[in-house]
Amino acid sequence: MHPLALYKIPFTGLKTGKHEFQIDVDQEFFTHFPESEIEDANGVVDVVLNYSETNMVLHLKMNLSWKVPCGRCLEELHFDLQSYERIAIQYGEETEIGDDLWILGKNEIELDLSQTILEMAHLARPSNQVHDNESDCDPRMLAFFKSDSNEKSNKTIDPRWDALKNL
Ligand SMILES: [Zn+2]
């Protein structure tokens with residue numbers, strides 16, 4: 001089975017009407033996208049597909065929990081990634097995947113939701129991935145990073161020295 005097969009919905013042969021699916025999203029999903037800035041998130045996407053032979057409408061409701069190190073002190077933070085998307089689907093000559101309108105060419109037999117789920121998760125991220133207040137951060141780590149960056153800025157680093165360290 002293709003590793004992302006779970007994120008595809010075959011639609012040929014579906015009856016006209018409403019179909020509901022639940023897609024599990026876990027850490028492994030994000031490993032398939034090297035460009036992903038999310039590594040560790042878990043949860044579900046509830047999918048409702050209104051199918052007819054002339055068009056379809058997809059509703060996606062995402063509810064993930066994301067674990068990410070605080071940008072200041074590296075302590076693990078948890079954020080909810082919640083998002084909703086409605087996508088209209090029509091048939092045409094050639095496949096064209098837009099944000100909220102997909103045109104499917106005649107040879108298409110399934111709806112690939114993996115890219116959409118990846119994008120929804122990224123858009124749902126909070127803009128600051130740090131503790132709300134710096135006083136909530138781990139003080140030892142803050143002190144450590146401070147001394148570390150001072151040390152670096154006081155020295156001119158010879159790249160040859162860096163290369164030697166890796167031997
Ligand atoms: Zn912090």
Efficiency of FRET from Cβ geometry, Gln27 and Glu75, R₀ 22 Å, rounded to 0.05: 0.70
Local electrostatic count at Met141 - Lys and Arg +1, Asp and Glu -1, tallied over other residues with Cβ under 15 Å: -3
Loop-located trypsin sites (Lys or Arg not before Pro) in segment 99-152, at most 14 other Cβ atoms within 10 Å (DSSP): Lys106
Volume per residue that the Cα convex hull of the chain spans, once the total is divided by residue count, Å³: 178 Å³
Longest segment of the chain lacking GluC sites (Glu not before Pro) that sit in a DSSP loop with at most 10 other Cβ atoms within 10 Å: 95-167
Degrees between helix 114-123 axis and first principal axis of the chain (Cα, 0 to 90, nearest 10): 50 degrees
Charge tally in the Cβ shell below 15 Å around Leu123, where Lys, Arg are +1 and Asp, Glu are -1, Leu123 excluded: -4
Distant-in-sequence amide H partners of Glu75 (H built 1.01 Å from N, under 5 Å): Cys70, Asp138
Estimated vicinal HN-Hα couplings, Hz - segment 124-141 in sequence order (Karplus 6.51, -1.76, 1.60; Gly, Pro = x): 7, 5, x, 6, 10, 9, 9, 4, 3, 10, 4, 5, 7, 6, 5, x, 5, 5
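Read the figures in this text as sums done on the coordinates, not as results from a lab. Note that this is a predicted model, so its numbers are computed, not measured. Backbone-built Cβ (ideal geometry, glycine too); neighbour counts: all protein chains shown.
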